[in-house]
Amino acid sequence: MENMLDYYYKNPDYLINYSHTVSHEAQSFDFHLHNRYKIYFFISGNVDYFIERKMYRLKYGDMLIFNNQEIHKPSLLPGSPYERIIIHFDPSIPFMFGLHGRNLLDCFQNRPCGEGNKTGLNEFQIREVLSRLSSIETLDPDDESSKLLKLVRFIDILHFINQLFSDAKYMDDHQAIPEKLVPVFNCIEENLEKELSLATLEHKFYINRYHLCRLFKKSAGRSLHEYIIYKRISRSKKLLSEGKSVTEAGILSGFSDYSNFLRIFKRTVGLTPGQYRKMYRISPF
């Protein structure tokens, strides 16, 4: 069996991927659903951030966290450059090195899906976070010792973020979604394994399907159909990680056509359902 540290040294930029990005031009983003966990620190821009069924207007110093089953996307508004720092990381990292993984991942795992994703920081906390983030950004990628320093500094960031979210509890300062969409979101969440066509939703909620589509896209920034697909993929990922077979995961997530499930899963996740099940259910360690 491969030594854990050797495995990290071979894959440091995948296991801990750090990026500090500034976008000066308008961009359009699809829904995101990552295989890794994500830490997001907002610096500047006019941004509404959609998470599951909520929309947040971001301000300097806001921090967002995501596990690998939470749908999210930013919507950029005209104005200033969009600057953010993002870390994608493999959730197996705390367990690799004998650390108490549950404590370090508590804020990512021990909360309802789409709840507790955001916290706003005060000036002292912003300085502390930026100091820790810059300690990774300033590492020399060509220096072999930087790989170990990156790991150590990331674990410190993870510990600090967990404290921030534990102290803050849930920040429910999202913008209200249109009242007509509330039962639609609830219906989708509770009936993913059932028929969720526009005709079905139109009949159930007495909302014209074209009006529903326009209202949803205006609120979430993407189409209702795309949201349902991502919710189904999210559920299938959860089921696969819990040990369900590929066939079971597809059916229980609302994919009646097996080949269609395989195709959409591979396109969205980047792995086949079988590969995902093996990789995220059975740790290499």
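The values are calculated or read from the model by the stated rules, or taken from the named source; none is laboratory data. Owing to the predicted nature of the structure, the values given are computational and were not obtained by experimental measurement. Here Cβ is always computed from backbone atoms with ideal geometry, including for glycine, and neighbour counts include all displayed protein chains.
Apart from one condition, Leu215 fits all of (1) more than 20 Å from Ser28 (Cβ to Cβ); (2) touching a residue at least 24 places away in the same chain (Cβ under 8 Å); the exception is (1). Taking the stretch 6-48 as the range and being of a type in the set (S, T, N, Q), free of Cβ contacts under 8 Å to residues at least 60 places away in the same chain and either closer than 18 Å to Pro74 by Cβ or touching a Phe, Trp or Tyr at 6+ places or on another chain (Cβ under 9 Å) (or both) as the test, the residues that pass are Gln27, Ser28, Ser44, Asn46.
In the stretch 142-167, the residues that are within 14 Å of Gly116 (Cβ to Cβ) reach residues that are at pLDDT 90 or above and among the small types (Gly, Ala, Ser) with C-beta atoms within less than 9 angstrom, at least six apart or across chains, in these pairs: Phe165/Gly116. In summary, strands (runs of 3 or more DSSP E) completely within the stretch 11-110 and bearing 1 or more residues that are surrounded by 15 or more Cβ atoms within 10 Å (Cβ to Cβ) and among the small types (Gly, Ala, Ser) occur at 37-44, 72-77.
Name every residue in the stretch 193-246 that is farther than 26 Å from Pro112 by Cβ and of a type in the set (Lys, Arg), in order of residue number. Passing the criteria: Arg209, Arg214.
Among the residues here, Tyr8 qualifies as at pLDDT below 95, among the aromatic types (Phe, Trp, Tyr), out of contact with any His (no Cβ under 6 Å at 6 or more places or on another chain) and assigned by TED's automatic domain parsing to the domain that holds Phe108.
Residue-wise test of (1) in contact with a strand residue (DSSP E or B) (Cβ under 9 Å, 6 or more places away or on another chain); (2) farther than 18 Å from Leu196 by Cα; (3) assigned by TED's automatic domain parsing to the domain that holds Phe185; (4) part of a loop (DSSP other than H, G, I, E, B).
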residue: Ile233; (1), (2), (3), (4): no, no, yes, no
residue: Thr247; (1), (2), (3), (4): no, yes, yes, no
residue: Phe255; (1), (2), (3), (4): no, no, yes, yes
residue: Asn260; (1), (2), (3), (4): no, no, yes, no
residue: Arg267; (1), (2), (3), (4): no, yes, yes, no
residue: Arg277; (1), (2), (3), (4): no, yes, yes, no
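Hey, any hits in the stretch 23-37 for a residue that's more than 18 Å from the chain's Cα centre (by Cα) and among the aromatic types (Phe, Trp, Tyr)? No: zero hits. Here the stretch 226-256 is the region considered, the condition is being modelled with pLDDT of 95 or more and among the acidic types (Asp, Glu), and the residue that is surrounded by the most Cβ atoms within 10 Å (Cβ to Cβ) is Glu226.
Checked against (1) surrounded by 13 or more Cβ atoms within 10 Å (Cβ to Cβ); (2) touching a residue at least 24 places away in the same chain (Cβ under 8 Å); (3) farther than 20 Å from Arg232 by Cα, Gly114 passes all but condition (3).
Residues checked against (1) surrounded by fewer than 17 Cβ atoms within 10 Å (Cβ to Cβ); (2) farther than 30 Å from Ser234 by Cβ; (3) hydroxyl-bearing (Ser, Thr, Tyr):
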position	(1), (2), (3)
Glu123	yes, yes, no
Ile126	no, yes, no
Leu133	no, no, no
Ser146	yes, yes, yes
Lys150	no, no, no
Gln163	yes, no, no
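Among the residues of the stretch 135-142, is there at least one that is part of a loop (DSSP other than H, G, I, E, B), hydroxyl-bearing (Ser, Thr, Tyr) and surrounded by fewer than 16 Cβ atoms within 10 Å (Cβ to Cβ)? Yes - at least one qualifying residue is present in the stretch 135-142.
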